[in-house]
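*Asks:* One structure coming up, written as structure tokens, with questions to follow.
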Amino acid sequence: MANGNALLKIDDRLRRLAIGERFVRRNPLYYGKLRQQLLALRNASLEERIAFTKARLERVLHVASRTPYGRHLGAPPTLEKWPMMRKELVRDDPGAFHTTNTWFAARANTGGTTGTPLQLIRSPQSVVVEQVCIDQVIMELGSDPFTARIAVLRGDNVKDVSDTSPPYWTYAIGGRRLIFSTNHLSASTVRMYIDELARFRPDLLWVYPTSLESLCQLVAQEKLELHVPRVMSASEKLHPQVWTFAQEVLGCKLIDYYGQAERVAFAYAKTPGAYYFVPGYAFVEFIPHSVDGDLCTYEIVGTSLWNDAMPLVRYRTGDLMLTPRAWGAKELEEVAFGLRPFVGIVGRDGDVLLSPKGSKLVGIDHIPRGVPHILRIQVVQEDVHHIRVLVLPAPGFSARDREQLMHNARLKVPREMSIEIECVESLERTASGKTPLVIHRPRVKELLHAARSAGVTA
């Protein structure tokens, strides 16, 4: 496991170096061809999109059939004969999904939106095709992805969250990337953030939606001025009212995109409520979930088309897509191939903690990353000074795993907040029977709701 953590740290350092951007995420062996293919599909007919995807699926199934998991299933020749795959299978035995093409694979680790840690690897093509999609979003915003000066306000660990002295940022990619610590953003520090943004003059601000909301709330509440021309949002649900609020406060053009660490679906929206899947990135299917008034929810199931190192076939993401209730099979097919928009993704907006200073702490799903012998975690915020980390331990969970979990938690939670780690037999459920990653007690909910209401209506 120590070797795996070392590889993750190397990958993280590469992400902050210009060489990593140039030769890993935009590897010239793949980038040009993949970009050309995905751009061509944007103007393709439904039949052409289906044909391209079918050809890629045949290759993916051939590769996947050689994994231990594929051999166990008897190497099914068609997609329909492969069962839907749950996250727990990947969590419990990630090696069962590896092929022999892992030598140049990039390592990844995710806590997931449910607190289920996963160890993943991605082939060079998979890394590049995701970058192609992100670059397309940047171009849609009107910027050049190769030269853009990008400020980042996401879940990066810039410094110890308990260290309250400035600066609260670092530079990367040869000075073209300004990475902020979201968890240090507060009323007392926001002016420094604005001043550094003014000095940097970003072409683009890349954010978590919760980080964007916090920034805009503080700018409005402190009666400050900040203009950012473009904003790219990802990794959480972006509420339509926050979208509008950000445009009013920052005067920006905004695009929100959806993806996951498993890289089995990618979609983006240029306006609220109109998300399009990117054709050629993955093959997506939908499992009916529930009906609420005029809307239906479907769980998104994805099959990666490019990851020869760890091909995931019919992977259940757990993410729910919203569509009009009146839509049938024809409309859903058009959604799957990127010809018709869907309303949005449900969830992934409550995974924040509230600090005693009133700032929102993000990246909570990072806490279980790299910690072995964990089935799932859940973070319960009892009040602004105290959280409990509930752990469903797997066999072999040890004091060393507990120490690593505490270390990860302290990267996100300041010292003035106490952390209690508890091994439990079951996680807390909401009234609807769900077990979310983060649970807020009533008083914390009231404070979060008051902060959101004050900010959006400011």
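Laboratory data are not the source of any read-out in this text; all were calculated from the coordinates shown. Nothing here was measured: the structure is a model prediction, and the numbers come from that model. Cβ placement follows ideal geometry from the backbone for every residue including glycine, while neighbour counts extend to all protein chains displayed.
*Asks:* Roughly what would the spin-label model give for residue 331 and residue 398, points 7 Å off Cα along C-beta, in nm?
*Replies:* 5.5 nm
*Asks:* Over the chain, one equal point on each Cα, no solvent: what is log10 I(q)/I(0) by the Debye formula at q = 0.06, 0.07 Å⁻¹?
*Replies:* Log-scaled intensity ratios, in q order: -0.25, -0.34.
*Asks:* Distance between Cα centroids, segment 265-310 to segment 124-143: provide it in whole Å.
*Replies:* Here the answer is 17 Å between Cα centres.
*Asks:* Please report the antiparallel percentage of the DSSP beta bridges confined to the chain, to the nearest 5.
*Replies:* The antiparallel fraction comes to roughly 65 percent.
*Asks:* Toward the positive end of the charge dipole of the chain, about the Cα centre and with charges on Cβ (Lys, Arg +1; Asp, Glu -1), which of 116, 447, 97 goes farthest?
*Replies:* Highest projection toward the positive end goes to 97.
*Asks:* To make sure I understand the rule: partners must be aspartates and glutamates, Cα under 15 Å from the Cα of residue 81, and not fewer than 8 residues away in the same chain. Which ones qualify?
*Replies:* 58, 285
*Asks:* Something else about it: With each run of n ≥ 4 DSSP H residues scored as -39500 (n - 2.57), what mean residue ellipticity at 222 nm is computed for the chain after dividing by its residue count and rounding to the nearest 500 deg cm²/dmol?
*Replies:* -9500 deg cm²/dmol
*Asks:* Here is a follow-up. How do 82, 103, 327, 306 rank when sorted from fewest to most other Cβ atoms within 10 Å of their own Cβ?
*Replies:* So the ranking, lowest neighbour count to highest, is 103, 327, 82, 306.
*Asks:* Students often get this wrong: which residues of segment 312-341 have the backbone nitrogen under 20 Å from the point 7 angstrom along Cα-to-C-beta of residue 55?
*Replies:* Answer for this model: 337-339.
*Asks:* Using a basic spin-label model with each label point 7 Å from the Cα along Cα→Cβ, how many nm lie between residue 78 and residue 423?
*Replies:* Placing both labels 7 Å along Cα→Cβ, they lie 4.8 nm apart.
*Asks:* Over the Cα atoms of segment 306-414, each weighted equally, I'd like the Debye log10 I(q)/I(0) at q = 0.20 Å⁻¹, rounded to two decimals.
*Replies:* Results for segment 306-414 at q = 0.20 Å⁻¹ read -1.07.
*Asks:* For 258, 31, which order do you get if you count the other beta carbons within 10 Å of each Cβ and list the fewest first?
*Replies:* Exposure proxy ranking, most exposed first: 31, 258.
*Asks:* Find the centroid of the Cα atoms in segment 355-426 and in segment 166-192, then give the distance between the two in whole Å.
*Replies:* Using only Cα atoms, the two centres lie 24 Å from each other.
*Asks:* For residue 421, what charge total do you get from the other residues with a beta carbon under 9 Å from its beta carbon, if Lys and Arg give +1 and Asp and Glu give -1?
*Replies:* For residues surrounding residue 421, the net value is 0.
*Asks:* Only four residue types carry charge here, +1 at the Cβ of Lys and Arg and -1 at the Cβ of Asp and Glu. Report the dipole size of segment 353-456 about the Cα centre in Debye, rounded to the nearest 20.
*Replies:* For segment 353-456, the charge dipole is close to 320 debye.
*Asks:* Spin-label point model (7 Å from Cα, Cβ direction): what's the residue 270 to residue 146 distance in nm?
*Replies:* Rounded to a tenth, the inter-label distance reads 2.3 nm.
*Asks:* Then there's this: Work through the residues other than residue 441 whose Cβ is under 9 Å from its Cβ and net out their charges, Lys, Arg +1 and Asp, Glu -1.
*Replies:* Result for the local shell: 0.
*Asks:* At 0.36 nm per residue, and after removing the present C-alpha to C-alpha distance, how many nm does the segment from residue 23 to residue 223 gain when stretched out fully?
*Replies:* Net length gain for the segment: 67.7 nm.
*Asks:* What is the magnitude of the charge dipole of the chain about its Cα centre, with +1 placed on the Cβ of each Lys and Arg, -1 on the Cβ of each Asp and Glu, and no other charges, expressed in debye to the nearest 20?
*Replies:* Roughly 940 debye, rounded to the nearest 20.
*Asks:* Most exposed first by the Cβ proxy, i.e. fewest other Cβ within 10 Å, how do 383, 308, 294 rank?
*Replies:* Lowest to highest Cβ neighbour count: 294, 383, 308.
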